[in-house]
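The values are calculated or read from the model by the stated rules, or taken from the named source; none is laboratory data. This structure is a prediction, so every number in the text was calculated from the model and none was measured. Every residue, glycine among them, receives a Cβ derived from its backbone with ideal geometry; neighbour counts consider all protein chains shown. Quick note on the areas: whole protein, heavy atoms, side chains included, nothing else; ligands and nucleic acids left out. Shrake-Rupley method; radii C 1.70, N 1.55, O 1.52, S 1.80 Å.
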Amino acid sequence: MSDKIGIFVCECGPNIAGRVDIDKIVKEISELKDFNDKELVVKKHKLLCSVGGKKFLEEEIKSNNLTHMVCAACSPRDHDTTFINVCKKTQMNPYLYTMVNIREHCAWVIPDKEEATKKAIQYIHGGINRVFYQEELFEKQLESNPDVLVIGGGIAGIESALNLASEERTVYLIEKAPEPGGKTMQGSNLNFIRQKTAKLLNNPNVKIFTNTKLENIIGFQGNFEIVIKNIISNELTEFMAGAVIIATGYDLLDCKGSEYFNFTDKDDVFSGLEIEALMSAQKKIVKKNGKAPSSVGMAHCAGREKVGYCSKICCNYLLKISGYLKTMYPDIPIRHYVKELCLPNKENQSYYNEMKSGGVEFQYVKSLNLNGETVNYTDIYGNAGESAHDMIVYAQAMIPASGSNELAKLLNTDLDEFGFYKEAHLKIDPISTSNDGIFAVGAAHGPADVTDSVIQAKAAVAKISVQLIPGQKIIPEVKVSEILEAYCTGCQTCLQICKYGAIYFDDERAVSVVNEAVCRGCGNCVGSCPSGSIRSKHFTNPQLFQEVKEAVR
Amino acid sequence: MEEFKPKIVGFLCNWCTYAAADMAGAAKTKLPSSFNVVRIMCSGRVDHNLLLTTFFNGADGILVAG
Ligand SMILES: Cc1cc2nc3c(=O)[nH]c(=O)nc-3n(C[C@H](O)[C@H](O)[C@H](O)COP(=O)(O)OP(=O)(O)OC[C@H]3O[C@@H](n4cnc5c(N)ncnc54)[C@H](O)[C@@H]3O)c2cc1C
Ligand code: SF4
Ligand code: SF4
Ligand code: SF4
């Protein structure tokens with residue numbers, strides 16, 4: 001069958017037609033002589049992407065028995081998929097079609113109409129040349145894997161796992177500590193986290209791996225190949241999953257002995273978490289000698305300036321601890337040293353009011369130094385002050401969980417300027433990451449309380465539930481790269497370059513091979529190969545040369 | 001003498017600079033007609049072969065942006 005190519009020039013209403021001479025384009029393209037044995041069908045249309053336009057293209061392809069097609073219209077970022085879908089309804093292979101952008105890169109940017117028309121013809125000419133060098137590609141269908149990997153067994157991870165697990169969806173939850181529960185398990189109110197953890201352990205559709213970390217992951221949404229490692233036995237386990245939830249939580253800034261916090265283990269200086277632990281173990285707050293405190297200072301915001309953000313939860317829990325102290329020791333003085341009070345949730349203001357009217361003091365300060373249990377401060381008027389207490393409770397800044405850098409690298413996701421997992425969009429897509437199918441929830445994103453963590457977990461669950469329907473099919477990228485074995489020297493440069501881990505080395509044949517199910521078709525390996533042995537399908541050098549040749553004619 | 005209009009080929013990444021060029025187009029930014037866009041899926045795709053062939057074919061300049 002001889003080649004017959006359809007070239008369809010879109011007017012885009014007045015958008016293109018108002019700025020180039022469409023009829024001249026159609027005429028000159030019809031008269032092109034350098035496609036001797038090939039037949040050209042050149043037509044214009046008012047709106048190719050409209051329902052009528054798509055019908056028009058479909059009928060043209062079918063009735064003319066077209067083998068190739070060029071649509072000269074807007075940006076392929078707008079409508080490439082539209083026209084690929086039209087091709088799929090016909091006998092023509094969609095990869096024998098190409099789109100030429102005569103709107104954004106031509107009609108709209110070249111003010112002179114004659115010049116713009118000439119340019120459009122040049123671009124279309126390049127497109128026709130290119131399309132003859134394109135090859136048929138065939139999409140494969142893959143069953144999407146509905147299972148989910150949850151990394152981190154704090155409240156955010158547990159809530160995600162409990163809401164996702166079903167008979168049709170296994171959840172693999174990995175936790176680096178010996179037990180799930182996270183920071184909340186070290187707190188004073190253990191009822192809810194114990195209940196949740198018990199539910200988790202009893203859920204037959206959640207597979208829990210403690211003392212475990214992620215070892216390797218490759219693939220994409222619906223098709224991740226995962227390897228995890230037990231950090232004690234070094235045992236590896238492999239499985240597939242369709243999505244990943246990062247719920248690795250946070251760590252706390254170590255303030256002991258720092259510039260402003262001069263104390264040792266012997267001093268009665270406690271972090272919020274240490275008080276929480278006391279409450280949980282002994283149901284009371286006492287000094288290290290077991291005696292009741294007689295005067296307590298509460299230091300807010302330790303490390304806030306250093307890390308550069310407010311940790312959101314600390315004012316709240318220091319107030320909570322004041323409440324415990326007031327109940328236990330109604331008569332002792334309690335004094336908070338506050339730089340800026342942060343009371344974000346609706347219940348916190350009334351709690352603050354209650355503490356204040358109950359005699360808890362709030363000293364606003366510009367700066368603060370701890371020397372053992374003595375507080376030296378400068379108040380907001382610049383006056384220096386000193387107060388001696390016999391117990392200090394301080395709130396440390398929340399910082400990214402240790403190991404976040406390595407994990408982000410494995411998962412190919414971005415971290416923000418502070419080292420927390422970065423949102424795809426802070427405001428409108430806050431639980432997605434830069435990598436499709438990978439979500440981050442809870443304090444892994446930055447300061448979050450339990451309510452925030454639960455809301456985020458449920459949001460990720462909702463997203464995964466609609467994106468990863470059991471039994472659903474996915475179509476992996478077809479415009480992938482391939483390595484021509486005969487030219488490959490086995491230098492393995494491409495292995496280092498591929499960000500997606502899509503290339504492996506075949507030891508027996510001593511060549512590199514692309515795993516097509518993982519390759520995204522970015523073409524980075526092509527640019528890196530010293531022997532020119534990699535072809536990126538649909539963006540091969542001969543195809544691009546055709547565009548270039550016309551461009552510089 | 002005729003004004004020198006350098007023929008420039010821009011290899012633009014689909015995800016960033018090509019998208020930016022689309023936005024520049026939507027804003028009706030003026031471009032000389034001797035500038036030519038070639039879309040690629042990542043600027044890392046560009047190899048020496050592509051660059052040299054572009055020069056051999058007569059380009060005066062190449063812009064790889066991504
Ligand atoms: C003193 C104190 C008091 C608080 N009081 C309150 C309160 O009253 N109310 C409230 O709402 N919030 C409170 N909070 C905040 C609360 O602790 C957090 O909101 C909550 O713990 C966040 O849950 P998470 O699951 O995101 O993180 P985490 O609880 O930190 O859990 C993360 C889990 O992931 C694991 N992990 C980390 N990295 C990896 C890895 N690479 N691989 C595998 N596993 C990993 C960790 O071991 C941990 O188990 C308090 C915090 C502190 C410090
Ligand atoms: S296909 Fe593109 S150029 Fe044509 S009408 Fe639609 S938006 Fe406009
Ligand atoms: S960079 Fe090229 S030559 Fe080297 S291993 Fe990869 S494909 Fe082979
Ligand atoms: S094109 Fe090459 S670098 Fe890009 S994903 Fe595929 S194998 Fe990796």
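Tabulated data
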| quantity | calculated |
| --- | --- |
| Selection from the stretch A:201-215 of residues that are open to solvent by 90 Å² or more (accessible area, probe 1.4 Å) and assigned to a strand (DSSP E or B) | A:LYS207, A:LYS213 |
| Lone qualifier among A:ARG509, A:ARG553 - being in contact (Cβ under 8 Å) with a residue 12 or more places away in the chain, more than 10 Å from chain B (Cβ to nearest Cβ), open to solvent by 30 Å² or more (accessible area, probe 1.4 Å) and over 30 Å from the mean Cα position of the chain (by Cα) | A:ARG509 |
| Complete set of residues in the stretch A:512-550 that are hydroxyl-bearing (Ser, Thr, Tyr), within 11 Å of chain B (Cβ to nearest Cβ) and assigned to a strand (DSSP E or B) | A:SER536 |
| The stretch A:186-218: number of residues that are farther than 30 Å from A:LYS499 by Cα and in contact with an Asp or Glu (Cβ under 9 Å, 6 or more places away or on another chain) | 8 |
| Candidate set: the stretch A:425-462, residues that are in a strand (DSSP E or B) and either among the β-branched types (Val, Ile, Thr) or modelled with pLDDT under 95 (or both); chosen: the one nearest to ligand 1 (Cβ to nearest atom) | A:ILE438 |
| Single condition B:VAL37 does not satisfy, out of (1) surrounded by 17 or more Cβ atoms within 10 Å (Cβ to Cβ); (2) more than 8 Å from chain A (Cβ to nearest Cβ) | (2) |
| Matching option when the condition is in contact with a strand residue (DSSP E or B) (Cβ under 9 Å, 6 or more places away or on another chain) and either open to solvent by less than 20 Å² (accessible area, probe 1.4 Å) or away from every other protein chain (no Cβ under 13 Å) (or both), among A:LEU137, A:LEU66 | A:LEU66 |
| Evaluation of A:ASP254 against (1) at pLDDT below 95; (2) part of a loop (DSSP other than H, G, I, E, B); (3) in the same structural domain as A:SER453 (by TED's automatic domain parsing) (one fails), failing number | (3) |
| Residue tally, condition in contact (Cβ under 8 Å) with a residue 40 or more places away in the chain and within 7 Å of chain A (Cβ to nearest Cβ), over the stretch B:7-34 | 2 |
| Condition check for A:LYS473: facing another protein chain (nearest Cβ under 8 Å) and either touching a His at 6+ places or on another chain (Cβ under 6 Å) or of a type in the set (D, E, K, R) (or both) | no |
